[in-house]
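A quick write-up on the structure given underneath.
The values are calculated or read from the model by the stated rules, or taken from the named source; none is laboratory data. Everything numeric in this text was worked out from a predicted model, so none of it was measured. So basically every Cβ, Gly included, is an ideal-geometry build from the backbone, and we count neighbours across all protein chains shown. Remember, those area values only see protein heavy atoms, side chains included, never the ligands or the DNA or RNA. Shrake-Rupley method; radii C 1.70, N 1.55, O 1.52, S 1.80 Å.
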Amino acid sequence: MISVEEALDKVLGNVGVLDEEESPLLDSLGRVLAEDVYSPLDVPPRDNSAMDGYAVRSADTRGAGQHRPRFLRVVDTVAAGAISRCRVEPGTAVRIMTGAPLPEGADSVVRFEDTDETLRSGPSAEIGILKEVEPGWDIRRAGEDIARASLVLSRGVVISPSEVGVLASLGRQAVKVVRRPRVAILATGNELVDVGQPLPDGKIYNSNSYSLAALVSYCGGIPEILGIARDSEDSLVARLRKGLTADMLLTSGGVSLGDYDVVKDVLAKQGEIGFWTVRMKPGKPLAFGMIKGVNKTGVGRGIPHLGLPGNPVSSMITFELFARPAILKMMGKKNLARPLIEALIEDAVVNTDGRRIFARVVVSRRGEQYFARLTGPQGSGVLTSMALANGLAIVPEDSEGVAAGDKVRVMMLDWSEKQAYV
Ligand code: AMP
Ligand code: MG
């Protein structure tokens, strides 16, 4: 048996970063930027008002106070999007709205709250200024967010909603990113029936194709469901062929020691096999190899194929541990691991056979402490345990288990990487 780390190293050693493509701005969300983005402009492009108020020469407000208005003649009004043709000369002001470019001559803005327009009105309207302002007050400077020609976003950044906004503020409608991997998913098993079909006696619905496809989407890949292969080499090979243009192949089932477990035989014939039992629970049997195909994945020896175990929980957990990091690596990401936290476990977990246990837990926080409670029965066929869990508590392989109240590390399934740094 090999360790989880050894298995992961082998998988990651066989996948490379995919090529780059131009993506419409919104489709770049969650992907890795494949260019250095320099700004073609100042953002904001001009000095502008941060408030609704009056653009003034600050010197004209000297001595102004709540009960000592300084009167300035209002020569224009300027809204966001317009440019005032008037220059603010001594003794004058321009009524200005938030975001409107600052008129020439003005060096600061007095907010409406600090003015009184009822004091003097009429044809030659004047505004009463009730506060002294300093140069630069309530002005947003040109380029204060982004300076023209500066490096705004570097290649390798993961595009979050904020980066989408920043790119839009530069006027970009498309951006270069790393391509998303197409991940072909094949279920194996004579017992499987696809959803939407009647269920004959002795059969079960194929849930793995769907949980795996959902996981692929969740981490940014494009799932391609290849259907169900029966437990024969011919059926498997025929179905696998349809996946030979994918960037990665996932199969579920058929990797144990049963009479019908043919995935590893096929892998041995079709490519280079790595078949391991991994020191983990659930998910001990795991096949990995490079299938000869129309490879685009970069390493050059074929399409990486992960043969995940058939048990629904095992296939999801082995996806988490091996397929997800591989997909993220293909997408150009650097942070491949789920965040780990320390929690106090509230139930005992017994380790009988020296494997690393990934127990499904619900993590909650009371005060400064995280607690992890088992979701209930932990059988590898109990898929609802995954639905209840937000984390996997890790019981080390070299321990006899953990007692209630012990500290455990928990791999969080529903935290994004950024949250991990908070
Ligand atoms: P196997 O690894 O093929 O021996 O399968 C282990 C267990 O997982 C068996 O009980 C299978 O019926 C079940 N199983 C295999 N594939 C699927 C699937 N696609 N959906 C749901 N259960 C499955
Ligand atoms: Mg099977």
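Details
- Cβ-Cβ distance of THR77 and ARG155, R₀ of 45 Å, FRET efficiency by 1/(1 + (r/R0)^6): the value works out to about 0.50.
- Förster radius 51 Å - calculated FRET efficiency between MET97 and GLU272, Cβ distance, rounded to 0.05: 0.15
- Ligands, DNA and RNA left out, the accessible area of region 345-422 computed with a 1.4 Å probe is 54% carbon and sulfur.
- Backbone amide hydrogens, once placed in the peptide plane, bring ILE303 within less than 5 Å of ILE291, LYS292, GLY293, excluding anything fewer than 5 places away on its chain.
- Only helices enter the 222 nm calculation for the chain: every DSSP H run of n ≥ 4 contributes -39,500 (n - 2.57), and dividing by all residues gives -4500 deg cm²/dmol, rounded to 500.
- Calculated FRET efficiency for the pair MET1/ALA404, C-beta based, R₀ 30 Å, to 0.05: 0.60
- Overall form of region 28-184 per C-alpha gyration tensor (a/c, 1.5; a/b vs b/c): prolate
- With every protein chain in place, region 1-106: carbon and sulfur % of accessible area (1.4 Å): 51
- Across the chain, Cα-Cα pairs more than 43 Å apart make up 37 percent of the total.
- Separation in nanometres of the label points that stand 7 Å from Cα toward Cβ, at ASP414 and TYR260: 3.6
- Per residue accessible area of the chain, 1.4 Å probe, in Å²: 47
- With 10 Å bins from 0: P(r) over region 186-322, alpha-carbon pairs, percent: 13, 46, 36, 5, 0
- Ranked by the mean number of other Cβ atoms within 10 Å of their residues, highest first, the peptides 175-183, 232-240 come out as 175-183, 232-240.
- Label-point separation, ALA147 to ALA348 (7 Å along Cα→Cβ), nm: 6.5
- Spin-label model, GLU117 to ASN190: label points 7 Å out along the Cα-to-beta-carbon direction sit 8.5 nm apart.
- Gain upon complete extension [ALA214, GLU22; 0.36 nm per residue less C-alpha separation]: 66.6 nm
- In this structure the amide hydrogen of GLY227, modeled in the peptide plane, comes within under 5 Å of the amide hydrogens of ALA187, none closer than 5 places in sequence on its chain.
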